[in-house]
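Below is one structure, written out as structure tokens; the observations come after it.
Only the coordinates and a few stated rules stand behind these numbers; no lab work does. This structure is a prediction, so every number in the text was calculated from the model and none was measured. Every residue, glycine among them, receives a Cβ derived from its backbone with ideal geometry; neighbour counts consider all protein chains shown.
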Amino acid sequence: MKINFKNVLPLFFLSAFLLLAGCGEDEAANGETNNNDGNGSSDTHELVIAHNGEKGLSWTLGIEKFAELAEEYADGKLDIKIYDSGQLGSQEQVLESIELGTVDMTYVFEPLTQWVPEIGVYNFLFLFDSVEHLRTVDEGEVGQELKELVKEKAGMRVLMSYLRDGRQLTTNNPIESVDDVKGLKIRVAGSNVVTKSWEAMGATPVPMPMNEVFSALQQGVIEGQENPMSIINARNIYEVNDHVALTNHQFSPVWVLISEEKYQGFPEDVQDAIQRASEEAQEYEFELAEEEWAEQKSILEEQGVTFTNPDVSGFREAVESVYEEYPEYESYIKKIKEAK
């Protein structure tokens, strides 16, 4: 809440000054409350989490498990509030709110490239072969180096990695080979790499926010879109696209981020509680995600969706030229391929 101090009586200034002096400068800076003994040991710290995930998704359940465990392990020193489903704005807006200090945590990935271009290496299509390959990279040298860059450039710490199942292509016609996507208007996320990749395959990519996709498909503005099956289900895409091509053209993580400044403002025992909760919640989300992925295809089949298994060799050949346009990613791409 913003306060217009010009209209406040001088006596209020004096009272506020004395109150802040009594509570201590560090406490005011870190948003601590309930200081009972004067040494900070019993302070309660508020942690605000905002994200755009739908209720019931493994990512959302994972962040809820984190909050439950962190509050438990912090022994009453953490008060965590979660705002899901975009209540506090788009992914980009939430990241900006973390910079401003009005939000503390989120889970996100693609928009983070605006702060850390290097993580755009995850946007290259057909670079990863599987979820297992992605996890090996994310937990290895490349993943750790990129997470350090997020801390340095964006001022955010990666607490957890959620893994996404492969992205699939949905349309109203069967896709059997790369020739079948020529001229097809396909919604893509805003990445230049992804846009150029679909262009290289002959499609007409249309960058568009996800919340506009359903109506755009209904109205014929676009003819297809690409997402993991969990999102295809959650967004009811099967109602407007009745074919799914199992291309598995992209595997990428979703990172759970916390403001580094906020994190460093916590006492050591609260930091330990957050780290412990993160490790356990990540494994919890992995297990949920594997169950979720196994169910997705059956759910879509029940909705009348037809699946195809296209020959992806032509897709792979088409996007190799895009790799060559980005020499700044060459060393990362090489290491990722070697990690298979």
For peptides 181-192, 256-267, sequence by mean Cβ density within 10 Å, most packed first: 256-267, 181-192
Helix 141-154 axis, angle to the chain major axis (alpha carbon atoms, nearest 10°): 50
Convex hull volume per residue for the range 140-212, taking Cα atoms only, in Å³: 153
All-pairs alpha carbon distance profile, the range 193-271, 5 Å steps from 0, percent: 3, 11, 18, 19, 15, 7, 6, 7, 7, 5, 2
Extension gain from Val221 to Leu100, taking 0.36 nm per residue of separation minus the Cα-Cα distance: 39.9 nm
Out-of-range pairs (alpha-carbon distance over 23 Å; input Lys147/Lys334; Lys147/Lys335; Lys153/Lys262; Lys147/Lys262; Lys182/Lys334; Lys81/Lys262): Lys182/Lys334
Area projected by the alpha carbon convex hull of the range 67-160, averaged over all directions, nm²: 7.4
Pairwise label distance in nanometres, Ser177 with Arg316, each label 7 Å out on the Cα-Cβ vector: 1.6
Mean Cβ count within 10 Å, highest first, over the residues of peptides 234-241, 161-168: 161-168, 234-241
Among beta bridges that DSSP assigns inside the chain, antiparallel share in %, nearest 5: 55
Spatial separation of Cα centroids for the range 267-340 and the range 245-260, in angstrom: 5
Principal-axis tilt of helix 268-302 within the chain, Cα atoms, nearest 10 degrees: 30
Inter-centroid distance (Cα atoms) of the range 200-240 relative to the range 120-191, Å: 17
Rounded tilt (10° steps) of 10-23 against the dominant C-alpha axis of the chain: 80
Rh (Kirkwood; distinct C-alpha pairs) - the chain, Å: 21.9
Proximal aspartates and glutamates to Lys337, defined as alpha-carbon separation beneath 17 angstrom and excluding residues fewer than eight positions away on the same chain: Glu118, Asp129, Glu132, Asp138, Glu139, Glu141, Glu145, Glu317, Glu320, Glu324, Glu328
